[in-house]
Amino acid sequence: MTDAEAKHKIKHLTDQINYHNELYYQQNKSEISDFEFDKLLQQLIELEQQFPELKLPDSPTQRVGGTITKEFENVAHQYPMMSLGNTYSEEELRDFDERVAKGLDGAAYEYFCELKFDGVSISLIYENGVLAKGITRGDGVRGDNVVANVKTIRTLPLKLKSKDAPSAFEVRGEVFLSKEVFKRLNKEREDIGEETYANARNTASGTLKMQDSAEVAKRKLDCYLYYLLGENLNVDTHEQSIHQIEKWGFQVSPTYQKCKSIEEVLNYIHHWEKKRHDLPLETDGVVVKVNNLEQQKILGYTAKSPRWAIAYKYKAESISTKLNGITYQVGRTGAVTPVAELEPILLAGTTVKRASLHNANEIERLGLCVGDYVFVEKGGEIIPKVTGVDLNKREKSAKPIRYIDQCPECGTPLIRHEGEANHYCPNEKGCPPQITGKIEHFIQRKALDIDSLGEQTIKQLYNLGLVKTPADLFDLTKADLLKLEKVKDKSAQNMLDGIAASKAAPFEAVLFGIGIRFVGKTVAEKLASYFKNIDAIANATYEQLVGAPEVGEKIAQSIVHFFSESANRKEIERLKAAGLQMESNQKEPEKISNALGDHSFVISGTFDNYERDELKEIILANGGRVLSGVSGKLDYLLAGDNMGPAKLEKAEKLGVKIISIKDFEAMLLKK
């Protein structure tokens, strides 16, 4: 393909994919299937890799990430990002209105009201219609440019279609995780035995500052815009500026309203106090702004905030209800979670009967007794939580709750690892919810993706003694499946077909599905890419494992422990015999030279201009070999910043040559 042909094809694919992106994310419509969309995107990725100089500034491949940012550029805001004054009182809101009236010397004015979303403030700079910078609030004067991460937000235009936008302008908004996405993230954390995230706002903030934009893309951040800044904007009111950015293709929450008086503002606040719980994201109040921009200038600013705007914060709804008791849930990893069983209450728009108490420490902190009346709130308006005890209602005979010391499912004495808050049931091979939980994890979409099975089917199969490990699924017959309730011939065949089809799942999906504690989807992908097959992972030493990308001490210890148990190795052999993929099918880089002469390398630490995976590909492409651990057979230790002292010490002891990235680049030049 010539450069001219590639340029035309890249432009066509870019326009086509951006069109479908806008249709899906802005208009809730779809003209092609996900499969067809993914095929178009893959074509563009391959072309851009072949012709990197032809990649367009609005290329949709930026949506999937891939940029690694070691340090974010710290830049000054052209317009300071000031905080708003807060109030929880209607009386103070009326006082604000009186100050506005006084400041405008009796001139007529109106307000513009918007819901206050509980996310992370972002300033987006567009130059010649293209997204150039995405700057965090920082200290209000300077912030970090996280534009590579911002570009993964699919509802944000990378390039404006409209021709009437000024050459440079700024639009501000709130980056957030929707309730649905936050719930999914916590389910994934729970699934690998990690502590769940406390709230969506902090999780969104942490996501925006991640170094790997590909990981950011997986989090599915979203953004609502609410403020336009710049020169020669041709708008006289905030309302006009909102309509302008809507016209340019920015996502604005449709919940705003213009109000002619403070009474209308209060009506708006009351209207959304309950209704806001139906929205797809968290809200914590209402922002009230004087609508006219010239009047905003007249009112001006205090040292910290504008005089023309204020935030009314909704009080977190807290209701007292009776604690009827505590039940204990056992998860796939054996973690035991105490749950408060409550007298049902209506809270933040839903009926609440249960609330997580997290662990024994939380029960002790609250000083709970059975029969107490407890205060319940919704954390971040999503997760019910017990926040305190109504001591005025406590009976004198009430006895403190004593945390259980045996598994509620199998009676095994619980253990508590040093430094961890949770109690665990160690009977992973005999505790029913751990067994069924592991099989449910194995069949989920991100693992073997056997959608013809489900949670209830797995429980029935277990109760009938037909399935006790994932490998048992591949021994099932139609006669076995017909023993299940309401399962007929066709349903049984669909299940068998789904089980058979799962054998084509890639190695990284199988590795994730096996369910090694702390090995989530990303870590499974990194392990598969690094070690290539299950035997290499099973036989890897602790030191070799910590040398792999994304693998820390805790994960390495968990993997070593998993494969040290004969029952787990036997299970892997059964899965192999069933025909599952136990080897990575990722292609090795094409060899371009023999400059490294079959020398072996271990890569350790971080590098300003390279990722470890990238260095590995360069080594392989130039005739070298990559080892995972330091040994007497190693030729070179390629040392970066912050490398582990153990590797350095061992290399020095064995006389292994330690080289810098400059030494490495010099070796490549000799080709």
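The values are calculated or read from the model by the stated rules, or taken from the named source; none is laboratory data. For clarity, every value in this text was computed on a predicted model and none was experimentally measured. Cβ: placed from backbone, ideal geometry, glycine included. Neighbour counts: every protein chain shown.
What to note about this one:
- Residue list for segment 444-486, restricted to those being at pLDDT below 95, under 29 Å from residue 507 (Cβ atoms) and among the acidic types (Asp, Glu): 449, 451, 455
- Residue within segment 557-578 that is of a type in the set (A, V, I, L, M, F, W, C), out of contact with any Cys (no Cβ under 8 Å at 6 or more places or on another chain) and not in a helix (DSSP H, G or I) present: no
- From the list 352, 330, 287, 376, the lone residue that is crowded, with 17+ Cβ neighbours inside 10 Å, within 24 Å of residue 96 (Cβ to Cβ) and not hydroxyl-bearing (Ser, Thr, Tyr) is 287.
- Residue check, residue 459 within 30 Å of residue 368 (Cβ to Cβ) and out of contact with any Phe, Trp or Tyr (no Cβ under 9 Å at 6 or more places or on another chain): no
- The strands (runs of 3 or more DSSP E) located wholly in segment 85-149 that include 1 or more residues which are farther than 23 Å from residue 211 by Cα occupy 111-117, 120-127.
- Any hit, segment 100-116, residues being loosely packed, with under 14 Cβ neighbours inside 10 Å and in contact (Cβ under 8 Å) with a residue 60 or more places away in the chain: yes
- Among the residues making up segment 32-79, a single one is part of a loop (DSSP other than H, G, I, E, B), among the basic types (Lys, Arg) and over 18 Å from residue 136 (Cα atoms): 55.
- Applying the criterion of at least 2 residues that are under 28 Å from the mean Cα position of the chain (by Cα) to the strands (runs of 3 or more DSSP E) found wholly in segment 297-373 leaves 319-330, 335-347, 350-356.
- Residues of segment 245-278 satisfying the condition of being under 27 Å from residue 179 (Cα atoms) and without any contact (Cβ under 8 Å) to a residue 12 or more places away in the chain: 246, 254, 267, 270, 271, 275
- Residue ranges of helices (runs of 4 or more DSSP H) in segment 411-530 with at least 1 members of a type in the set (Val, Ile, Thr) and either touching a Cys at 6+ places or on another chain (Cβ under 6 Å) or free of Cβ contacts under 8 Å to residues at least 60 places away in the same chain (or both): 432-443, 455-463, 489-501
- Picking from residues in segment 132-175 that are over 24 Å from residue 202 (Cβ atoms) and without any contact (Cβ under 8 Å) to a residue 40 or more places away in the chain, the one that is surrounded by the most Cβ atoms within 10 Å (Cβ to Cβ) is 132.
- Residues being closer than 16 Å to residue 58 by Cα and touching a Cys at 6+ places or on another chain (Cβ under 7 Å) - total across segment 154-173: 2
- Taken over segment 274-290, the residue count meeting the criterion of being more than 19 Å from residue 224 (Cα to Cα) and at pLDDT 95 or above is 1.
- Which listed residue is over 26 Å from the mean Cα position of the chain (by Cα), part of a loop (DSSP other than H, G, I, E, B) and surrounded by 12 or more Cβ atoms within 10 Å (Cβ to Cβ), from 82, 1: 82
- Selection of segment 522-557 for residues being surrounded by fewer than 20 Cβ atoms within 10 Å (Cβ to Cβ) and either of a type in the set (Gly, Ala, Ser) or on the phi > 0 side of the Ramachandran plot (or both) yields 529, 532, 536, 538, 550, 552.
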